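Throughout, read-outs are computed from the coordinates displayed, never taken from laboratory work. Just so it is clear, the model here is predicted, and its values are computed rather than measured. As a convention, Cβ positions derive from the backbone with ideal geometry for all residues, glycine included, and neighbour counts pool all protein chains shown.
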Amino acid sequence: MNEHNPTAPAWPALRVADWTETRDTLHMWMQIVGKVRLSLSPLVNHWWQVTSYVTARGLGTGAIPYGTRALDIEFDFCSNRLHLRTSDGGAGEVALEPKSVAQFHAETMQALADLGIDVRIQPTPNEVEPAIPFAEDTVHCAYDPDAASLFWRQLVQADRVFRTFRSHFVGKVSPVHFFWGAMDLACTRFSGRSAPIHPGGAPNCGDWVMVEGYSHELSSCGFWPGGGEEGAFYSYSYPAPEGFAGFPVGPRDAFYSNEFQQFLLPYEAVRKAADPDATVLEFLQDTYRAAADLGNWDRSALECDPDRWDALR
């Protein structure tokens, strides 16, 4: 079990190259759990019903409806257990330790069955290539608990700052949530206008999935374990307005990636900054301005002051 360490840096270092095998295995495990929620939950716009959320111990699904009961599933990176809980007091767990995706899949489905949860999930992962069926995947089998914990701690910091950024928007905006398809934490703002039909193109993912996800004009930001030596913060717009790629944004380490078609800010630049929170917020606000100003969003109607009631509290 990971013990509390008050002297540990809030923004931990974790080189992507040092945990790639664990990352890829954990990604597949997260897809299995995410697909359970997908299978049992009614559709919410932009697939918001399938995501996970940062918790005080890891990543959790929140309550999933199952008949008159509720189920939640949590990756606990403090105890290295997958916890499964039901509203009638049922509980199960799966150890997070070196094991194949096939074994994790079998153990998770058995734990669900033991709780009386009858669910079938899509048998293959999305947004990855190759898409090895979960029940046959013995390739991905690494799990470094320290690396998993460090990644979660990165997410804790990103989640906290994203929540501050989200609080300044009164228009339609997503929760801060974790998408298991691309393994990224995201928050998305919307202009209120519909968008052109998305062309799709994500590997092993139907184009119609992207059509739903990008049905309305948006500015999206997030964090994922790629794009930099220690991961990266990102921001993009759909559709990207003319001049978006050339819009000046801060901080100085931020740049537009032609490869990814979005702005990136390496995590290591944030971690080393004198004020990491301010560094991320500058990136988020500047890249949002690029989308909103160039796209002629009605900013006065969409933005708000989260401190507007402080004087009356």
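So what's the net charge close to Ala254: Lys and Arg +1, Asp and Glu -1, counting the other residues with Cβ under 11 Å from its Cβ?
After counting each charged neighbour, the total is -2.
What's the angle, to the nearest 10 degrees (0 to 90), between helix 145-166's Cα axis and the longest principal axis of the chain?
40
Could you order peptides 246-255, 134-143 by the average number of other Cβ atoms within 10 Å of their residues, highest first?
Final packing ranking: 134-143, 246-255.
In whole percent, what relative contact order does region 16-136 give with Cα contacts below 8 Å and a gap of six or more residues?
Details: 164 pairs, mean separation 24.9, N = 121.
Taking the mean separation of contacting Cα pairs over the length of region 16-136, I get 21 percent.
Which net charge results when you count Lys and Arg as +1 and Asp and Glu as -1 among the other residues whose beta-carbon is under 15 Å from that of Ala274?
-2
Need the C-alpha centroid separation for region 145-178 versus region 111-134, integer Å.
26
Once you charge only the Cβ atoms, +1 for Lys and Arg and -1 for Asp and Glu, what is the size of the charge dipole of region 145-302 about its Cα centre, to the nearest 20 debye?
440
Give me the net charge for the shell around Ile197: Cβ to Cβ below 15 angstrom, other residues only, Lys and Arg +1, Asp and Glu -1. Each step should come with its number before you reach the end.
On the way: positive: Arg193; negative: Asp207, Glu212, Glu217.
With Lys, Arg at +1 and Asp, Glu at -1, the neighbours total -2.
Using +1 at the Cβ of each Lys and Arg and -1 at the Cβ of each Asp and Glu in the chain, identify which of Ser41, Gly201, Pro239 lies farthest towards the dipole's positive end.
Positive-end residue among those listed: Ser41.
Write down the Å³ per residue value for the convex hull defined by the alpha carbon atoms of region 145-302.
Values: hull volume 18.5 nm³, N = 158.
Normalising the Cα hull of region 145-302 by residue number yields 117 Å³.
Any chance you could give the angle, 0 to 90 degrees and rounded to 10, that helix 20-40 forms with the longest Cα principal axis of the chain?
The two axes meet at around 80 degrees.
Roughly what angle does helix 101-114 make with the longest principal axis of the chain, taking Cα atoms, 0 to 90 degrees, to the nearest 10?
Taking Cα atoms only, the helix is inclined about 70 degrees.
Which of Ser100, Ser167, Ser194, Ser220 comes first, and how do the rest follow, when ranked by fewest Cβ neighbours within 10 Å?
In increasing order of surrounding Cβ atoms, one gets Ser194, Ser167, Ser100, Ser220.
How big is the convex hull of the Cα atoms of region 37-140, per residue, in Å³?
Taking only Cα atoms, region 37-140 has a hull volume of 112 Å³ per residue.
Run the dipole for the chain about the Cα centre, Lys and Arg Cβ at +1, Asp and Glu Cβ at -1, nothing else charged, and hand back the magnitude in debye, nearest 20.
Computed about the Cα centre, the dipole is about 720 debye.
Starting from the Cα gyration tensor of region 1-86, take the square roots of the eigenvalues, sort them a ≥ b ≥ c, and report rounded, prolate or oblate (rounded when a/c is under 1.5, otherwise prolate if a/b is larger than b/c, else oblate).
The shape class here is prolate.
List the residues, sorted by chain then number, that are 5 or more residues from Gly231 or on another chain and whose placed amide H is less than 5 Å from its amide H.
Placed amide hydrogens put Val16, Gly226, Tyr267 under 5 Å from Gly231.
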